[in-house]
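Trainee: Dropping the structure in here first, questions after.
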Amino acid sequence: MNIIVIGLNHKSAPVDVREKVALAGKDLSALKESIERFKEILEWASLFTCNRTEIYLVAEDKNLVKQKLYKFFTIWSKDEIFSKYLYFYTNEETVKHIFAVASGIDSQVLGENQILGQVKDALHQAQEIKTSKNILNKLFNNAIFTGKRARTETAIGEKSLSIGYAAVELATKIFETLNKKKVLLLGAGKMGQLVCKHLADAGAQQIIVANRTYDNAVELAKVFGGQALSFADLDQGLMDADVVVGSTGAPHFVLTKENVKSAMKKRPNKPLFLVDIAVPRDIDPQVNDLNNVFLYNIDDLNQVVEEYYEERKKEIAKVEKIIAEECEKFLIWKNTLQTVPLIKDISDSLEDLRSQEWEKIKNKLSSLSNNDQETIEIMTKAIIGKVLANPIKTLKEISCNNNNENLDILEIIRKCFIYEEINESNKEKERGES
Amino acid sequence: MQVGYEIVSIIFFILSFVAFPLFLTIFTHKQNLAKVGNIVLFIAFILNIFSIYLRIKLIGNDVLFDFSGTVLISIGILLLAYLIIDNIFKISVMGAFVAPVCFLTSGYLLFINVSGGKLLPHFKNYLISIHVIVILLSFIFFVLAFFSSLLYLTQEKLLKTKRKGNLLKKLPSLKSMETFSLHTVSLGLVLLTLGLISGGIVSRKLPGSFNILSPKGIFAILTWLLYASYVILHFIKSFPTKKNAYLLVAGFIIIIITYFGTSHGLKLTP
């Protein structure tokens, strides 16, 4: 039984290739219909995100499946050379891959949290359309568990890699908390809105929107539940604000050093944090020279984000250790899937052998009392039990060792203990009875 | 007894010396070492109490009027204040200031022989004891405010210059340090006022022992004025916070001059 993943992501293929097989958020019925044609595939589940198209599956013959799926992707993408962008992993590699995906270390934005939800969705979808069974359900659940472990035991998911988050972090280094703080948003730029959303989420009390077109300011203020301000009243806005976010499209400075200086004269011991994410810049950089004024532009914020990214990179080794631990646990579980039926087969086989022999000899023991016959039969069962005790113990030990050679050992054991002739004759009997 | 006192003092010196680099690791990724530093300082605090006890055994109840005794008590109060404050405000980074103060002062007592004379009988007065304790307590609060102002100025510089790194992340916010300084200075100021009043009452009762125009008296008044102006300027909100932080640095310098510079102990002996 092989666990396989085939697919492509941002590392293996550029966006123009990835978009040929992008199915994120789309109906999977056509895909289901196509994959169900492959009778070799016992279970499957798909994981589609904006950067990833992956199909996880369970099959007996991995080489045959590989051939068929490469062809399938080529037809799907209508691209003759599509297969060169695909990766194809089996068993341990597959397990490690999905665990890495769920942990966020395989994502384009290292350690991002969204992927964990996407893995959960993929599992639910597969369960809904009934394409995943025992093995893939367990694989995906363990991947979700590994992803959670990575995020709680390491700092891989800490500190969002966004400019808005960086602005919030810096603001808390000045104000301790954003509660009861007022934010003045200059302009209606998308990035500015995003930063304001972060600030509002962090507790900022009021968002004041100032825009050259007053109506636009009113519209945007409604979104944040704040106030609108015309540019003519900017000086008053500056006096009240704790944080200013510059995001206009103006080709010149909207806030000069003089503007800020005169506002600060009226509030010398109240710090002012300015975030200028506009290009060209909205705020004169000389403003930073003023006492109690802290100005950060887009490059400064990007540097902060870059630093967070570096911190996350340092966590990769810890996450990989967690993945290795969880991978080992999963493979042990998978091996037990092979040994449990074998143990049952061996037990059944020897029991059949015993009962056949007992039936043969039973008539010869008719002179014995029923109690004596029963005692002998119990003894035969006990002998079988004792004969089986050590092999069963060994089999369980083998299943705990994650080693490919064990598969050969299991096959040898199967041949040693299972009496195919008896099994066949039993099956024939069963057929006859039915 | 003397040997025991010296051994305890040496162990205290070593512990506070060891604690210092542990606190410096706060600026790296190994934050747990700061917790070890706190444990080391806690043990040092216990030893400090023991050394005060030994000092009392050595020189009797005059420990409040003995330079070594007052330094030991000051260190003890500083350590206790730090441990309580860290527990409440989680400012372990302040340990990086407290630990060196401990090993420098204990080293000073160990390696520089400081001997006080015998105290005149009429100085053995409960009001003088209160005066000394209250003044020591106020100085400790001012020292803590000084540490906080140093942290404030460092953080302000880092934010202004947009420096990256652990230091920015590990230092508390400007607002929290400002609040901390205000609280400690306010408390220190109340205690200093009480100390000066009790000192004034004592000096009236004792013949010619204290002169307001003596260097110690002038510096004590200067200290009071400086810290009072800090609190007033803070509340009238017309003075930049950074300049207020510099006031605390100046205050600390005056305290050091008052405490160490003007005399070694009260020198109340004839």
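The values are calculated or read from the model by the stated rules, or taken from the named source; none is laboratory data. Just so it is clear, the model here is predicted, and its values are computed rather than measured. Every residue, glycine as well, gets a Cβ built from its backbone with ideal geometry; the counts of neighbours run over all protein chains shown.
Trainee: Spot the failing condition for A:Leu57; the list is (1) touching a residue at least 40 places away in the same chain (Cβ under 8 Å); (2) hydrophobic (A, V, I, L, M, F, W, C); (3) part of a helix (DSSP H, G or I), and only one is missed.
Mentor: Among (1) touching a residue at least 40 places away in the same chain (Cβ under 8 Å); (2) hydrophobic (A, V, I, L, M, F, W, C); (3) part of a helix (DSSP H, G or I), the lone unmet condition for A:Leu57 is (3).
Trainee: While we're on this one: Of all the residues that make up segment A:29-51, how many are at pLDDT 90 or above and of a type outside the set (A, V, I, L, M, F, W, C)?
Mentor: Here the count works out to 2.
Trainee: Further question: Please go through segment A:165-206 and pick out each residue that is farther than 23 Å from B:Thr241 by Cβ and of a type in the set (Phe, Trp, Tyr).
Mentor: Passing the criteria: only A:Tyr165.
Trainee: From A:Leu368, A:Leu350, which residue is of a type outside the set (Val, Ile, Thr) and surrounded by 14 or more Cβ atoms within 10 Å (Cβ to Cβ)?
Mentor: The conditions single out A:Leu350.
Trainee: Where residues in segment B:227-245 are within 19 Å of the chain's Cα centre (by Cα) and buried (at least 21 other Cβ atoms within 10 Å of the Cβ), which of them is farthest from the other protein chains (Cβ to nearest Cβ)?
Mentor: The qualifying residue farthest from the other protein chains (Cβ to nearest Cβ) is B:Tyr227.
Trainee: Then there is this: On the given criteria, is A:Ala167 surrounded by fewer than 19 Cβ atoms within 10 Å (Cβ to Cβ) and within 14 Å of chain B (Cβ to nearest Cβ)?
Mentor: no
Trainee: Which residue pairs have Cβ atoms closer than 8 Å, lie 6 or more positions apart in sequence or on different chains, and pair a first residue in segment A:324-351 that is under 28 Å from A:Met379 (Cβ atoms) with a second residue that is surrounded by fewer than 16 Cβ atoms within 10 Å (Cβ to Cβ) and small (Gly, Ala, Ser)?
Mentor: If the second residue must be surrounded by fewer than 16 Cβ atoms within 10 Å (Cβ to Cβ) and small (Gly, Ala, Ser), no pairs are left.
Trainee: Please determine, by comparing only the residues of segment A:149-164 that are over 24 Å from B:Thr161 (Cα atoms) and away from chain B (no Cβ under 14 Å), which one is surrounded by the fewest Cβ atoms within 10 Å (Cβ to Cβ).
Mentor: A:Thr152
Trainee: Related question: A:Gly237 versus (1) touching a residue at least 12 places away in the same chain (Cβ under 8 Å); (2) within 14 Å of chain B (Cβ to nearest Cβ): which is the lone unmet condition?
Mentor: (2)
Yes/no matrix, rows are residues, columns are (1) within 19 Å of B:Leu159 (Cβ to Cβ); (2) more than 9 Å from chain B (Cβ to nearest Cβ); (3) outside any loop (DSSP other than H, G, I, E, B); (4) in contact (Cβ under 8 Å) with a residue 12 or more places away in the chain:
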{"position": "A:Asn269", "(1), (2), (3), (4)": "yes, no, no, yes"}
{"position": "A:Leu274", "(1), (2), (3), (4)": "yes, yes, yes, yes"}
{"position": "A:Ala278", "(1), (2), (3), (4)": "no, yes, no, yes"}
{"position": "A:Val287", "(1), (2), (3), (4)": "yes, yes, yes, yes"}
{"position": "A:Val304", "(1), (2), (3), (4)": "yes, no, yes, yes"}
{"position": "A:Lys313", "(1), (2), (3), (4)": "no, yes, yes, yes"}
{"position": "A:Glu320", "(1), (2), (3), (4)": "no, yes, yes, yes"}
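Trainee: Still on this model: Would you tally the residues in segment A:65-97 being part of a loop (DSSP other than H, G, I, E, B) and under 25 Å from the mean Cα position of the chain (by Cα)?
Mentor: Count: 1.
Trainee: Restricting to segment B:200-232, give me the number of residues that are part of a helix (DSSP H, G or I) and at pLDDT below 80.
Mentor: Result for segment B:200-232: 7.
Trainee: Next question. Out of the residues in segment B:130-161 that are surrounded by fewer than 18 Cβ atoms within 10 Å (Cβ to Cβ) and of a type in the set (D, E, K, R), which is farthest from the other protein chains (Cβ to nearest Cβ)?
Mentor: B:Lys157
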